[in-house]
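Just below is one structure, and these are the notes that go with it.
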Amino acid sequence: QVQLVESGGGLVQAGGSLRLSCAASGRTFSSYNMGWFRQAPGKEREFVATISWTGSSTYYADVVKGRFTISRDNAKNTMYLEMNSLKPEDTAVYYCAANTQLVSIHPRVYEYWGQGTQVTVSS
């Protein structure tokens, strides 16, 4: 199995940027398709972005497309989420997740989850 730890969250003003990291340990990181999800208070966990194990395939939720960029460095066992032009509605706990099966927008596909990192965007 793999252990995931997110970092990089914080408080930022609207229009600002943050870069989240997801560090993996355990089984070979490059074996996993990875994803970012987020959950705001009182809302269900929602898909943000996903990246294939090679990094060659990415997919984004419409609400973040053009503003967020997902990437990975398999040599460093780390995945990233570059977030630009942040909006107050981006405020949530952001989770990274891993699965060995496929690139997917569905949380239930993901076998492993990090503990989350809080992102707060002030207006």
Where ARG19, ARG45, ARG72 fall by accessible area, highest first, once all protein chains stay in place (1.4 Å): ARG19, ARG45, ARG72
GLN39 paired with ALA75, simple spin-label distance in nm, labels 7 Å along Cα-to-beta-carbon: 3.6
Assigning unit charges at the beta carbon (Lys, Arg +1; Asp, Glu -1) and nothing else, what dipole magnitude in debye, to the nearest 20, does the chain show about its Cα centre? 100
Straight-line reach only, C-alpha to C-alpha below 16 angstrom: list the aspartates and glutamates that LYS43 could link to, leaving out same-chain residues fewer than 8 apart. GLU89, ASP90
Output ordering of 103-111, 91-99, 33-41 (per-residue mean of other Cβ within 10 Å, highest first) is 91-99, 33-41, 103-111
Expressed as a whole percentage, what fraction of the accessible surface of the chain belongs to carbon and sulfur atoms when a 1.4 Å probe is rolled over the protein heavy atoms? 47
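Per residue, how much accessible surface does the chain expose to a 1.4 Å probe? Answer in Å², no decimals. Write out the running numbers ahead of the final one.
Working: 6140 Å² over 123 residues.
On a per-residue basis, 50 Å².
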Mind listing the phi-derived Karplus ³J(HN,Hα) values for the range 29-42, rounded to whole Hz, using 6.51, -1.76 and 1.60 with θ = phi - 60°, and x for any glycine or proline? 4, 5, 7, 9, 6, 10, x, 10, 10, 9, 9, 8, x, x
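Summing Lys, Arg as +1 and Asp, Glu as -1, what charge do residues with Cβ under 14 Å from the Cβ of ASN84 carry, ASN84 excluded? Could the numbers behind the result be given before it?
Values: positive: ARG19, LYS65, ARG67, LYS87; negative: GLU82, ASP90.
With Lys, Arg at +1 and Asp, Glu at -1, the net is +2.
The values are calculated or read from the model by the stated rules, or taken from the named source; none is laboratory data. Just so it is clear, the structure is predicted and the values come from calculations on it, not from any experiment. A quick note on method: Cβ atoms are made from the backbone with ideal geometry, for glycine too, and the neighbour counts reach across all protein chains shown. Each accessible area value is taken on the protein alone, full model and side chains, heavy atoms only, with ligands, DNA and RNA left out. Shrake-Rupley method; radii C 1.70, N 1.55, O 1.52, S 1.80 Å.
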